[in-house]
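Chemist: Have a look at the structure that comes next, please.
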Amino acid sequence: MTVTVDVTVDVVVIGGGQSGLAAGYHLRRLGLDFVVLDAQSGPGGAWQHTWDSLRLFSPAAYSSLPGRMMPPQEGATYPDARHVVAYLADYEQRYELPVHRPVRVAGVHRDGEFLRVETDRGAWRARAVVSATGTWGRPFLPAVPGREVFLGRQLHTVDYRGPRDFAGRRVIVVGGGNSGAQVAADLAYESDLTWVTLREPRFLPDDIDGRVLFDVATARRRALDEGRTDSGGVASLGDIVAVPPVREARDAGYLKASPMFDRLTPTGVAWSDGMTADADAIIWCTGFRPALSHLAPLGLRGPRGHIPTDGTRALAEPRLHLLGYGDWTGPASATLIGVGRPARDAAREIAALLRTAS
């Protein structure tokens with residue numbers, strides 16, 4: 001879809017993944033004039049780029065965006081990424097959301113009563129902006145000594161596709177979260193696997209999935225808002241959801257974690273006690289940071305790279321809302337089921353702001 005330079009709308013949503021679509025759904029219900037600018041070439045957000053065996057943590061019915069239930073995937077309790085992509089494409093079409101792609105946003109600038117969104121396809125002026133770019137575009141690699149001397153292959157979660165590339169190879173998977181556990185489980189049967197974690201892996205009880213996690217995260221946020229004791233939320237339960245492939249590899253004895261190594265060597269890794277392990281490849285499942293470089297012209301960054309917010313609204317720029325980056329922009333807002341509520345709240349706040357300004 002092509003665009004004209006200097007289009008003026010009520011709202012620009014940056015990012016056409018799950019968060020951007022949820023925002024679009026609520027903005028449409030409120031009758032606002034908006035566009036969604038997406039850097040991807042097709043629908044589906046980051047789900048288009050995940051590894052082949054990735055599974056949701058929850059059944060389809062508990063992984064839905066507002067207004068439309070995700071249909072079940074035949075033969076699978078926990079849908080795979082391809083099913084999610086198809087669902088997001090259908091959602092976008094069903095609600096006729098005005099998604100423009102591929103459009104890359106270079107920066108958001110103040111422009112009098114507007115925010116000006118500069119892109120490689122021209123500029124939009126908006127009375128409000130929703131940033132929903134997620135984290136997939138900003139993988140995090142820890143500063144481990146020797147990373148530059150290792151002669152084997154190094155890749156991040158974003159680069160991993162499946163075990164075929166590593167059959168018969170010595171592979172070290174780094175990371176004790178869900179991605180690390182799922183990738184390690186994926187590689188356990190065909191590779192010489194070493195799984196390394198910063199602390200002992202904490203598997204959630206087998207009967208806990210995304211449904212429970214969303215409820216726990218929501219209850220924690222409610223308690224904090226009411227001044228009650230912090231329950232610790234999801235982190236108090238564990239780090240790893242035992243989806244079926246992880247559970248099977250764990251029960252078969254393949255997911256035995258080693259402590260974090262101290263440095264990389266040309267041929268592998270080494271621990272301070274003198275132990276070493278050779279490797280052909282190291283896969284860093286070490287998480288992500290919010291992809292917020294397009295907001296740099298606004299000068300809003302606070303501690304740890306986050307923009308201080310009240311709910312989803314940026315404290316220093318009330319025309320900007322941030323959606324889907326994690327609990328700091330809404331409980332479980334980086335999940336399919338969790339983004340609906342903060343998206344609704346953001347849309348309502350924007351509508352109220354525009355009414356006041358008119």
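The values are calculated or read from the model by the stated rules, or taken from the named source; none is laboratory data. Predicted model, so just to flag it, every value in this text is computed and none were measured. Quick reminder, even Gly has a Cβ in these numbers, built from the backbone with ideal geometry, and neighbours come from all protein chains shown. Ligands, DNA and RNA are excluded from the accessible area calculation, which covers all protein heavy atoms including side chains. Shrake-Rupley method; radii C 1.70, N 1.55, O 1.52, S 1.80 Å.
Chemist: Being open to solvent by 60 Å² or more (accessible area, probe 1.4 Å), farther than 27 Å from L65 by Cα and touching a helix residue (DSSP H, G or I) at 6+ places or on another chain (Cβ under 9 Å) narrows it down to one residue among A106, A143; which is it?
Modeler: The unique qualifying residue is A106.
Chemist: When region 303-317 is examined, which residues are found to be part of a loop (DSSP other than H, G, I, E, B) and either touching a Lys or Arg at 6+ places or on another chain (Cβ under 8 Å) or in contact (Cβ under 8 Å) with a residue 24 or more places away in the chain (or both)?
Modeler: Within region 303-317, I307, G311, T312 qualify.
Here's the yes/no breakdown for (1) part of a loop (DSSP other than H, G, I, E, B); (2) in contact with a Cys (Cβ under 6 Å, 6 or more places away or on another chain); (3) not polar (S, T, N, Q):
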position	(1), (2), (3)
A291	yes, no, yes
A296	no, no, yes
R319	no, no, yes
Y325	yes, no, yes
A332	yes, no, yes
T335	yes, no, no
R341	no, no, yes
A346	no, no, yes
E349	no, no, yes
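Chemist: Same structure, new question: With the structure loaded, tell me whether L65 is farther than 19 Å from A181 by Cβ, within 17 Å of the chain's Cα centre (by Cα) and of a type outside the set (D, E, K, R) or whether it fails that test.
Modeler: Against the criterion (farther than 19 Å from A181 by Cβ, within 17 Å of the chain's Cα centre (by Cα) and of a type outside the set (D, E, K, R)), L65 qualifies.
Chemist: Right, something else. Please pick out the residue among A46, A126 that is under 18 Å from the mean Cα position of the chain (by Cα) and not in a loop (DSSP other than H, G, I, E, B).
Modeler: A46
Chemist: Would you point out the residue of region 64-110, among those that are small (G, A, S) and not in a loop (DSSP other than H, G, I, E, B), that is farthest from G20 (Cα to Cα)?
Modeler: Only one residue tops the list, namely A76.
Chemist: Continuing with the same structure: Criterion first (open to solvent by 60 Å² or more (accessible area, probe 1.4 Å), over 19 Å from F288 (Cβ atoms) and part of a strand (DSSP E or B)) does R164 satisfy it?
Modeler: no
Chemist: Checking L264 against (1) farther than 20 Å from T157 by Cα; (2) at pLDDT 95 or above, which test does it fail?
Modeler: (1)
Chemist: Looking at region 20-41 only, could you name the residues that are within 21 Å of M70 (Cα to Cα) and open to solvent by 10 Å² or more (accessible area, probe 1.4 Å)?
Modeler: Listed by number, the residues that qualify are Y25, H26, R28, R29.
Chemist: Please specify each residue of region 261-302 satisfying the condition of being open to solvent by 70 Å² or more (accessible area, probe 1.4 Å), more than 24 Å from R319 (Cβ to Cβ) and without any contact (Cβ under 8 Å) to a residue 24 or more places away in the chain.
Modeler: Hits for region 261-302 are S272, D273, M275, T276.
Chemist: Which one is surrounded by the most Cβ atoms within 10 Å (Cβ to Cβ) among residues in region 45-83 that are of a type in the set (G, A, S), out of contact with any Phe, Trp or Tyr (no Cβ under 9 Å at 6 or more places or on another chain) and in contact (Cβ under 8 Å) with a residue 12 or more places away in the chain? Lay out the reasoning, then the answer.
Modeler: Here is the first cut: in region 45-83, the ones of a type in the set (G, A, S) are 45-46, 53, 58, 60-61, 63-64, 67, 75-76, 81.
From what's left, out of contact with any Phe, Trp or Tyr (no Cβ under 9 Å at 6 or more places or on another chain): 53, 61, 75-76.
Subsequent filtering for residues that are in contact (Cβ under 8 Å) with a residue 12 or more places away in the chain retains 53, 76.
Working: S53: 17, A76: 14.
Only one residue fits best here, namely S53.
Chemist: Let me ask something else. Read through the list (1) surrounded by fewer than 15 Cβ atoms within 10 Å (Cβ to Cβ); (2) under 25 Å from the mean Cα position of the chain (by Cα); (3) not acidic (D, E), then give the number of the only condition that V149 fails.
Modeler: Of (1) surrounded by fewer than 15 Cβ atoms within 10 Å (Cβ to Cβ); (2) under 25 Å from the mean Cα position of the chain (by Cα); (3) not acidic (D, E), only one is false for V149: (2).
Chemist: What number goes with the only condition from (1) over 30 Å from L354 (Cα atoms); (2) over 21 Å from the mean Cα position of the chain (by Cα); (3) open to solvent by 60 Å² or more (accessible area, probe 1.4 Å) that G137 does not pass?
Modeler: So G137 meets the others, but not (2).
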